[in-house]
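Down below is the structure, laid out as structure tokens.
Derivation of every value follows stated rules applied to the coordinates shown; laboratory data play no part. Everything numeric here is computed off the predicted structure, so don't read it as measured data. We place every Cβ from the backbone using ideal geometry, glycine too, and count neighbours over all the protein chains shown.
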Amino acid sequence: MINKKLKIGFFGFGCVGQGLYDILTKTAFDAEIIKICVKNKTKERSIPAHHFTFDKNDILQNQEINLVVEMIDDAVEAYHIVKYALQNGKNVVTANKKMLAEHLEELVDIQKKYGTSLLYEASACGSIPIIRNLEEYYDNELLKSVAGIFNGSSNYILSKIFQEKSTYQKALKEAQDLGFAESNPILDVGGFDAKFKLCIITAHAYGLFVNPDEVFNFGIERLNEHDIRLTTEKNAKIKMIAFVGKKSEKEVVSFVMPHFIFKKHELYYVENEYNGVIAEAAFADKQVFVGKGAGGHPTGAAVLSDISAIRYDYQYEYKKISKNKNLHYTRDVMIETYIRYQNLDDLEGLHLQNISVKHESKDFKYLIAEVSLENLYHSRSQLVEKDIFLVSLGIKK
Ligand code: HSE
């Protein structure tokens, strides 16, 4: 039952903030935006100046405001805003995946303690309603895995490269101009953004809080013309895939890295800023969700859905946390991996096993071998410094 009039304080008026404002106006949603707090005092705004403040306390200390909608870029500042608001009786809707991935466990405890609600559907995979589905629909179902394309910018870049033969730099610039990319695009192309979303999804899929620092991520920055040619010759594409799944009854594994995706795969035709999520469950079997993963309106639509849910006093219950107390995180799996390299010595720390393909010509050296996720994780900092590119062919069973 709808039981309250929402009086909202916005933090941020960038791509998502403006998208949401536009949606709220166009849908004549019954809520009042009391103030919008922004950082940049000189930026020209699309709505009159009296809507804005530069002082966060105009929202946080305002007793009239009962909902804070946080859409800023700065994860540290967002954490302080969200924590303070929850501790002071305000419900919060946020889209900040980095902040959530890094502080989720603490924030869940805070909202329980203070009886406030923290919702964040927009933080993972934009417009795809995956969090509430994992929380409610897959409540008792035995989830084998949740995997897919979780970052719109890198998918946009890869689409432009594989479909239109565009260059990496040009496609990245477009993704930035369209407002898809983070202000530091290494978060997108390096697989960090997808990893933050993966950690949030892991909490709702399995009731497990995994520190993002524990999760291996590898990006697309080093993709070169040889990788592209070889992939195209094999009638495949490369997509950045985030994966979380059960290794055994008690173990959960997760990672983010480029994958070869062939025509029969459900994600082959998921292009541009679209995301795709595949949930595999014991009884429902495979289910595929596809939708826009970035952009003001799609992300704003997910924020609106949370705002609407707040009116019904909706809260995530995190039932799986108490149900799955014995679960723990592991990197003890082998991944069949394509590795393009310059010097074999650079791969020493990977302790390659079962090399099945090895090609060495003057300017193109690659091999396909099995590598443990643990070794990939511990070698990450060395790997990203060299001209090395990795593509997964999947977990070895
Ligand atoms: N930079 C993010 C992406 C925005 O490209 O997916 C949406 O979270």
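Just from its helices, what would the mean residue ellipticity at 222 nm be for the chain, if runs of 4 or more DSSP H residues each count -39500 (n - 2.57) and the sum is divided by every residue, rounded to the nearest 500 deg cm²/dmol? Working shown, then result.
Working: 12 runs with 132 residues, N = 397.
Helix contribution divided over all residues of the chain: -10000 deg cm²/dmol.
Please report, for the Cα atoms of the stretch 250-289, the Rg to one decimal and the Dmax as a whole number; what are they, in angstrom?
Cα only, the stretch 250-289: 12.3, 36 Å (Rg, Dmax).
List 230, 187 from most exposed to least, where exposure is judged by having the fewest other Cβ atoms within 10 Å.
230, 187
In degrees, nearest 10, range 0 to 90: what is the angle between the Cα axis of helix 15-26 and the longest Cα principal axis of the chain?
Helix 15-26 sits roughly 50 degrees off the main axis of the chain.
For the stretch 156-312, what does the relative contact order come out to in percent, with C-alpha contacts under 8 Å and a separation of six or more? Don't skip to the answer; put the middle values down first.
On the way: 183 pairs, mean separation 29.6, N = 157.
Across the stretch 156-312, relative contact order equals 19 percent.
By how many degrees, between 0 and 90 and to the nearest 10, does the Cα long axis of helix 152-164 differ from the longest principal axis of the chain?
Result, in degrees: 50.
State the extension gain, in nm to one decimal, for the chain segment bounded by residue 29 and residue 249, taking 0.36 nm per residue of separation less the distance between their alpha-carbons.
Taking 0.36 nm per residue and subtracting the Cα distance, the gain is 74.7 nm.
Expressed as a fraction of 2.2 N^0.38 Å, the rule-of-thumb size for a compact globular protein of N residues, what is the C-alpha radius of gyration of the chain?
1.01
What is the spin-label model distance, in nm, from residue 211 to residue 363 if the labels are put 7 Å beyond Cα along the C-beta direction?
Placing both labels 7 Å beyond Cα along the Cβ direction yields 4.3 nm.
What is the set of long-range amide H partners of residue 241 at a cut-off below 5 Å, with H atoms built 1.01 Å from backbone N?
For residue 241, the qualifying residues are 257, 259.
Translational D (Stokes-Einstein, µm²/s) of the stretch 331-397 at 10 °C and 1.306 mPa s when Rh comes from the Kirkwood sum over C-alpha pairs?
My calculation gives 133 µm²/s for D.
Using only the alpha-carbon atoms, how far is helix 296-311 inclined from the longest principal axis of the chain? Give it as 0 to 90 degrees, nearest 10.
So the inclination is approximately 50 degrees.
Got a sec? How would 381, 154 order by Cβ neighbour count within 10 Å, fewest to most?
Numbers: 381 7, 154 34.
Lowest to highest Cβ neighbour count: 381, 154.
Starting from the Cα of residue 344, move 7 Å in the Cα-to-Cβ direction to define the label point; list residues of the stretch 359-376 whose amide nitrogen is under 11 Å from there.
Residues 359-360 qualify, since their backbone N sits under 11 Å from the label point.
Which of the peptides 372-379, 312-319 is most tightly packed, and how do the rest follow, going by the mean number of other Cβ atoms within 10 Å of each residue?
The densest-packed peptide leads the list: 372-379, 312-319.
Residues of the stretch 212-247 with the amide nitrogen closer than 11 Å to a label point 7 Å from the Cα of residue 263, along Cα-to-Cβ, please.
Only 235-236 pass the distance filter.
Tell me, what is the percent relative contact order of the stretch 331-397, built from C-alpha pairs under 8 Å that lie six or more residues apart? Don't skip to the end; give the middle numbers.
Values: 117 pairs, mean separation 34.3, N = 67.
It rounds to 51 percent for the stretch 331-397.
Cut-off 20 Å, label point 7 angstrom out along Cα-to-Cβ of residue 22: give me the residues of the stretch 174-189 whose amide nitrogen falls inside.
Residues 174-183 qualify, since their backbone N sits under 20 Å from the label point.
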